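A short write-up of the structure that comes next.
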Amino acid sequence: MKPTQKFPIIFVGLFALFVSAITVAIISAMDRFGQRQEHQELTAAILQGDETAIKTLERSAPETQRQIIEDERIKKALVHFYLQHADSPLSAISETYEDDIEGHILNAEMVYRTLIAHYYHQIDVEIEADNFKQAFLLLDTLKNTYPHSGEFSDMYEDVQKKKQLRLAILIQKYTECLEQTLAPLLERTHCMAEARQKIELVGIEHPLPSDPNLPAMYAEEINLALTEKDYEHAETLLLDWQNLLPEASEQREVLRKRLALHRQVKSIIVDLTGYDNKKLMKRLTQLTIAPELQKEVFEMPQVQTNLLRYHLNEALILMKNPGTKLEQITKVRLEEALARSPREAQSYPWYAGSTSQQAATNLDVAELLQQCQAHFQAKRLTTGKEGTALSCYRAVLRQEPGNRDALTGLKEIENRYKTWAEVALEEKKLEAARVHIANIEKVNPKSRILTQLRERLKIAQAQPEPEPEPEPEPEPEPPAPAPKVEVNTPQKCEDCDCSALLKQLSVGIKPLTPAEETYFQNQCK
């Protein structure tokens, strides 16, 4: 090829390279323009709090994220979004972005102040709800996020002081509940349980004091409820006992099992009158922890008959094997059944009709009502070693629900305590009034007068005690009256005779009377 022919070829190549460079530059510029346009649109959407835009940013490449969050407004908008949509905003930011990007976001001054304001508000909310544990957790989160910040130490001390102050108030309330020894049991223990729950929520490192008599008081109330077949009240007492004294209690577990047995009384009777010996033995074993229920069930003629059958059959089987040693418990039960069942069963013969049974029941109720009236007249209303009118009338109602005399008697007891309470309030004897109000609640927890009397008692307790009036100066004692001079006036002697008096003196039969002596001195000398 000749030299003159190479020049056009080189020129064409240079021209092609120039055109390519311009093309690449134009394309690159267009890409940068499009990317910038996309960034601007994404930024605008993020600033408006658009969730789709923020999710797009989270999926973007780290380089793109760095470019967009250079805008301080974007950092603040992101934090606002996570505060509103994430349970743990700081954890959400940490899990979404790389460490350097997370640092750029959190170290911005506006972001720092926004987070501090948010978490401080949350801490105040938790303190208001007595949830100091959560308040400390939130404060620890801030301290871990900003370890070099020194302003959290003061906040920690402030939260600790508020916790101690709140504990002091609640423990004082708990102590006041504990000292209400004259208040009804459930009212007192509910007060204690409520205070205990709040104290445990706040957080306490030492055990709370308690009344050592509470378990015995609960046991007494539960036994009374079981006797009166008030199983709902017994269940309430057991739950209250569990809440107030959560420590394990063997006595409470026995009472819980006893309550379960009382509620199964129909099934127990079916098992004790059936022919399944395994069920029968199981029920006999269970009833050993419920003496009152055991007595009630064993008094039923059909149960007595079946128990006698069971023990006799057991004895006959064992007697056929001379080498078998009879268990002592079996001997005792057999002797008890043989000694008790024939006599008691004969008092309710199988041919006795409903009329004779009803007459016997009416007789029992009449006798009970007489005892109740005797207790009432002796003022053994709710306490007394010989029995109480309250327990007596309730026994009548168990035998004959709706008995008008028993219901009237309970109302009279309530009215008697109402009168005593009103008199005590008028005389400012507040302790006596509190006792009478507690007795009204024991007789009738739903009494309408309770609210009025409690309000009057509360008002009386809130009033300051009147200052004692100054004692009046003693009046001068009047001069003692001059002693009276007794003048002996001569008494007249009727039918007196000098010869007779002289004879009397000479014989010495009896001395002269003053009247005779006077007559003799004046008339016979």
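The values are calculated or read from the model by the stated rules, or taken from the named source; none is laboratory data. From a predicted model like this one, the values you see are computed outputs, not experimental measurements. Please note: Cβ atoms are built from the backbone with ideal geometry, for glycine as well, and neighbour counts cover all protein chains shown. Each accessible area value is taken on the protein alone, full model and side chains, heavy atoms only, with ligands, DNA and RNA left out. Shrake-Rupley method; radii C 1.70, N 1.55, O 1.52, S 1.80 Å.
Working only within the range 228-253, note down all residues that are in a helix (DSSP H, G or I) and open to solvent by 70 Å² or more (accessible area, probe 1.4 Å).
Scanning the range 228-253 gives Glu232, Leu239, Asn243, Glu250, Gln251, Glu253.
List the pairs whose first member sits in the range 97-109 and is in contact (Cβ under 8 Å) with a residue 24 or more places away in the chain, whose second member is part of a loop (DSSP other than H, G, I, E, B) and open to solvent by less than 30 Å² (accessible area, probe 1.4 Å), and whose Cβ atoms are under 8 Å apart, counting only residues at least 6 apart or on separate chains?
Pairs that qualify, where the first residue is in contact (Cβ under 8 Å) with a residue 24 or more places away in the chain and the partner is part of a loop (DSSP other than H, G, I, E, B) and open to solvent by less than 30 Å² (accessible area, probe 1.4 Å), are Ile101/Ile69; His104/Ile69; Ile105/Ile69; Ile105/Tyr97; Leu106/Tyr146.
Looking at the range 216-225, can you tell me whether even one residue there is assigned to a helix (DSSP H, G or I), within 30 Å of Arg398 (Cβ to Cβ), of a type in the set (D, E, K, R) and in contact (Cβ under 8 Å) with a residue 24 or more places away in the chain?
yes
Among the candidates Glu194, Glu151, which residue alone is surrounded by fewer than 13 Cβ atoms within 10 Å (Cβ to Cβ) and acidic (Asp, Glu)?
Result of the check over Glu194, Glu151: Glu151.
List the residue pairs whose Cβ atoms are under 7 Å apart, where the first residue sits in the range 256-282 and is over 13 Å from Arg309 (Cα atoms), the second is of a type in the set (Asp, Glu) and open to solvent by less than 100 Å² (accessible area, probe 1.4 Å), and the two are 6 or more positions apart or on different chains.
These pairs meet every condition: Leu259/Glu235; Lys279/Asp271.
Starting from the range 144-169, take each residue that is aromatic (Phe, Trp, Tyr) and list its partners that are assigned to a loop (DSSP other than H, G, I, E, B) and open to solvent by less than 60 Å² (accessible area, probe 1.4 Å), counting only C-beta distances under 9 angstrom and pairs at least six apart or across chains.
Partner pairs satisfying both residue conditions: Phe152/Tyr146.
Please go through the range 254-288 and pick out each residue that is open to solvent by 60 Å² or more (accessible area, probe 1.4 Å) and within 22 Å of Ala216 (Cα to Cα).
Arg256, Lys257, Thr288
Output the helices (runs of 4 or more DSSP H) that fall wholly within the range 97-212 and possess 3 or more residues being under 20 Å from Leu245 (Cβ atoms) and hydrophobic (A, V, I, L, M, F, W, C), or say none.
152-178, 185-202
The rows are residues; the columns are (1) exposed (fewer than 14 other Cβ atoms within 10 Å of the Cβ); (2) closer than 23 Å to Leu138 by Cβ; (3) within 46 Å of the chain's Cα centre (by Cα).
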site	(1), (2), (3)
Gln65	no, no, no
Glu72	yes, no, no
Ser88	yes, yes, yes
Ala92	no, yes, yes
Leu106	no, yes, no
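Residues that are buried (at least 17 other Cβ atoms within 10 Å of the Cβ) and modelled with pLDDT under 85: does the range 25-38 have at least one?
Looking through the range 25-38, none of the residues is buried (at least 17 other Cβ atoms within 10 Å of the Cβ) and modelled with pLDDT under 85.
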